[in-house]
Amino acid sequence: MTVSPASRSRHPKGEARFRLSGPKAFARVFTEGKRREGRYTQLIIAASSSPDEGCADGRAGMVVSRKALPRAVDRNRFKRKVRETLRALRKIEDASAHSSSLSRSDVVIRVKPALSRAEIDVAAAEVSRLLQAWTGTGAAK
């Protein structure tokens, strides 16, 4: 029995192509990107890499330190909630006739220290608001 590489993937249906990975990619966004500040998080947004590098889609990466959220379960919960937000924004973008800034940009989402467990949902909602305000999709809550 052979298993195709797609079925072995940890990420659902092409999710990996939307992930920013590698120190060079993060360094590029940190140096070239524009920052959007929130109380709990910071978004750093840079133009997406050129299509000939194989990165035509906008990608997102997260920086969540142990100092900000000491428990791994809390860091993973925050990341999961933000990935849900990004998926929802991509669906809205796919449904519309034009492509928004999200598909043309690489985004790093950074959590500011120290975030309490009770504030994880608020911080994830803040990321959603900052992204919606930046892309112009949906109403900012």
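The values are calculated or read from the model by the stated rules, or taken from the named source; none is laboratory data. The shown structure was predicted, so the numbers you read here are calculated from the model rather than taken from an experiment. No Cβ is skipped: glycine too gets one built from the backbone with ideal geometry, and neighbour counts run over all protein chains shown. SASA here: full protein model, heavy atoms, side chains in, ligands and nucleic acids out. Shrake-Rupley method; radii C 1.70, N 1.55, O 1.52, S 1.80 Å.
Points worth noting:
- In the assembled protein chains, Asp57 presents an accessible area of approximately 50 Å² (probe radius 1.4 Å).
- Pairs from the table (Lys81/Lys112; Lys91/Lys112; Lys34/Lys112; Lys67/Lys112) lying more than 20 angstrom apart at Cα are Lys91/Lys112.
- Amide H within-cut-off set for Gly38, under 5 Å, with H built and near neighbours excluded: Leu43
- Other-chain or far-sequence residues with amide H under 5 Å of Ala60's (modelled H): Arg19, Leu20, Val107
- Accessible surface of Arg117, taken over heavy atoms with a 1.4 Å probe and every protein chain present, rounds to 140 Å².
- Peptides 124-130, 62-68 ranked from most to least packed by the mean count of surrounding Cβ atoms within 10 Å: 124-130, 62-68.
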